[in-house]
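The values are calculated or read from the model by the stated rules, or taken from the named source; none is laboratory data. All values derive from a computational prediction rather than experimental measurement. Cβ sites come from the backbone with ideal geometry, for glycine too, and all protein chains shown count toward neighbours.
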Amino acid sequence: MDTFQQTQRTSLFERPGRAGRAAQRGKTNRLLSYAFLTLVGITMVIPFLWMISTSFKPKTEITRPNFFPVEATGANYTEVILDTELPRWYANSLVVAIMSTVSVAFFDTLSGYVFAKYDFPGKRIIFIIFLSSLMVPTEMLIIPWFIMSSNPITGGTWVDTYWGIAFPGMITATGIFLMRQFMQGVPDELLDAGRIDGVSEFGLFWRIAVPLSLPAIGALCIFNFLGNWNAFIWPLIVTTRSEMMTLPVGIQFFSTEAASDWNLIMTGATLSVVPLLIIVIIFQRYIIEGVALTGLKG
Amino acid sequence: MMRLTLARRKILWAYIFLAIPILFFAYIRIYPTIFAFQMSLHDYNPLAIEHKYVGLENFQKLVAEFNNLRSPTRAAFLNTAAYVVLGVPIQLLLALAVALMLNEIRFLSTFYRLVFFLPFVTSTIAVAWVFRMLYQPQFGFFNVILQAFSLPQQPFLSRPQQALPSILAVVIWQGLGYAVIIFLAGLKQIPQIFYDAAQVDGATRWQSFRHITLPLLNPTLVFLIVLQTIAFLRMFAPVLAMTAQGDGGPLNSTTTVVLRVYREAFQSFNMGYASALTVTLFAIILGITIIQLRFTSRNIQ
């Protein structure tokens, strides 16, 4: 559509000869663009294809240069699923990601709503303190968190528990900021009308503000889920027993131990990556637009 | 029961709603931040009963190690700087090129966008192990390709000179799609009418890029530079997964500040010294962010 308008405009304002050349140049440029983009695209896809293809190779084939397996086998999958705790790591990752996502969805939305719709002493300073916590990198907090998690006097023994893995991400400053922006769009008249009708303050949030901001809450949930699913450094530190590891931590330990059994390592990687890729491909529009909208890093 | 005015009741409810988040931020974010600063001034071994106050000794040790040519801490800081200085410009230039081209095409553009985005949502650990195999001598994909073109085999991860660029390439590869999406969002906000006007005035494509796209894209660029700089400063998982025993080798050639923190704190239990490292990292991140925001936002005018 835009291209059509452009060419039309060109022909209106420019002499025909120049317009023709410009159109010709545009076409060549577009061809070059496609060539470059395809090249980058291939670079993006090949590692995944290699990973999947190696996961179907028997061990004897991994040192051979062929891309596709000569004798494809599913034995790697049986071995990885039955002999490792990968199913358990999956479950752990799922539990932790869902736990923190539910908490973030509730508390970030509620806090965002309060910052957008209420006036109270200390509002500005509390908001600034919340946001400035973003400046402190996780890496600086992991050592104190570890001491807090393992010392029974200050915080109980959170090592090797779901709470221990999830607690740093139960409420996020980015989410609060995002939801505040969104909640500012909820009309005050609607809330005041609710107040006159005798709706409780929590009812106003739950029955008016939340239904109006479901798209934003959805985006928040997706990013939070992805972020927690792939989180690595804290789960690595707070889990010591194999049955409490999350998927990335489990994959790291399993791959280190498997040493040169690349067929098994690639099977583990495939199992950990492909289901998520399928989910992302299904919800791609929503996810990519959400990223563009919020600039949130997963 | 006490009667409250509406305004007062609303204030009360605001505090009730925020009670848990305030407690959370106080205990999970602010207290540990202060705790980290405090630890950096102590000889903190979690296994010991007492933690001796040592003043700035941990920081003095850090400076001494940084001045020692063969210490891993020096290597960690220099490598981290190299990851940032090489990684940020390469990644952003590539992403900008891809975004500009994606912005021009209609057919298949959603498909390309998705393909570029996929690595970003996959686990860094899984990706790192896949590339570790691709980099293997003889049967690794890259060496197979080199061999197919009768080019000499490369050691990649096993030679100090090649290991850092090899790991860096993976990180650039994985984060590219994210930068592309953000650039695209920035490009979409530039009104088409500016380009039309420039075309009427006979501007070349380069001129309209230089004088329209680039200045109007500046906020996006600043945002990405700050974000990616911080991300590269915090490099950890790819190095842990792609080096033998996760040691940042060969010969400390790929180790990073965060990897040093991890090893000092959780393998040697020198938590005081590790905290001094994280405090330094925090200061660097803060400083760079402030400088970049100042410097780059002045460029807008």
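Some values worked out for this structure:
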{"quantity": "Unmet requirement for A:GLU139, which otherwise passes all of (1) over 27 Å from B:SER40 (Cα atoms); (2) at the interface with another protein chain (Cβ under 9 Å from one of its Cβ atoms); (3) in a helix (DSSP H, G or I)", "calculated": "(1)"}
{"quantity": "Flag if A:THR60 is touching a residue at least 24 places away in the same chain (Cβ under 8 Å), hydroxyl-bearing (Ser, Thr, Tyr) and either touching a helix residue (DSSP H, G or I) at 6+ places or on another chain (Cβ under 9 Å) or loosely packed, with under 15 Cβ neighbours inside 10 Å (or both)", "calculated": "no"}
{"quantity": "Conditions (1) more than 8 Å from chain B (Cβ to nearest Cβ); (2) at pLDDT below 95: number failed by A:ALA105", "calculated": "(2)"}
{"quantity": "Residues (among the small types (Gly, Ala, Ser), under 28 Å from A:MET170 (Cβ atoms) and part of a loop (DSSP other than H, G, I, E, B)) located in the range B:25-61", "calculated": "B:SER40"}
{"quantity": "Failed criterion for B:LEU227 (all others in (1) closer than 21 Å to B:ALA64 by Cα; (2) within 17 Å of the chain's Cα centre (by Cα) hold)", "calculated": "(1)"}
{"quantity": "Condition check for B:PHE66: among the aromatic types (Phe, Trp, Tyr), assigned to a helix (DSSP H, G or I), without any contact (Cβ under 8 Å) to a residue 60 or more places away in the chain and closer than 27 Å to B:ILE284 by Cβ", "calculated": "yes"}
{"quantity": "From the options A:VAL102, A:VAL70, residue that is more than 24 Å from the chain's Cα centre (by Cα) and surrounded by fewer than 19 Cβ atoms within 10 Å (Cβ to Cβ)", "calculated": "A:VAL70"}
{"quantity": "Residue under evaluation A:PRO87, criteria (1) at the interface with another protein chain (Cβ under 8 Å from one of its Cβ atoms); (2) free of Cβ contacts under 8 Å to residues at least 24 places away in the same chain; (3) part of a helix (DSSP H, G or I); (4) of a type outside the set (Phe, Trp, Tyr), criterion not met", "calculated": "(1)"}
{"quantity": "Residue match in the range A:179-198 (condition: in contact with a Lys or Arg (Cβ under 8 Å, 6 or more places away or on another chain), among the acidic types (Asp, Glu) and surrounded by fewer than 20 Cβ atoms within 10 Å (Cβ to Cβ))", "calculated": "yes"}
{"quantity": "Residues of the range B:255-301 classified as at pLDDT 90 or above and not in a loop (DSSP other than H, G, I, E, B), total", "calculated": "27"}
{"quantity": "Residue check for A:SER132: surrounded by 15 or more Cβ atoms within 10 Å (Cβ to Cβ) and either assigned to a helix (DSSP H, G or I) or facing another protein chain (nearest Cβ under 8 Å) (or both)", "calculated": "no"}
{"quantity": "Criterion violated by B:THR204 - all others in (1) without any contact (Cβ under 8 Å) to a residue 24 or more places away in the chain; (2) of a type in the set (Ser, Thr, Tyr); (3) buried (at least 18 other Cβ atoms within 10 Å of the Cβ) satisfied", "calculated": "(3)"}
{"quantity": "Of residues in the range A:39-53 being touching a residue at least 12 places away in the same chain (Cβ under 8 Å) and facing chain B (nearest Cβ under 7 Å), the one surrounded by the fewest Cβ atoms within 10 Å (Cβ to Cβ)", "calculated": "A:TRP50"}
{"quantity": "Residue within the range A:105-115 that is closer than 17 Å to B:SER123 by Cβ and in contact with a Pro (Cβ under 8 Å, 6 or more places away or on another chain) present", "calculated": "no"}
{"quantity": "Residues of the range B:239-248 satisfying the condition of being closer than 13 Å to B:ARG132 by Cβ and part of a loop (DSSP other than H, G, I, E, B)", "calculated": "B:THR243"}
{"quantity": "Members of the range B:102-117 found to be in a helix (DSSP H, G or I) and facing chain A (nearest Cβ under 7 Å), listed by number", "calculated": "B:LEU102, B:GLU104, B:TYR112, B:ARG113, B:LEU114, B:VAL115, B:PHE116, B:PHE117"}
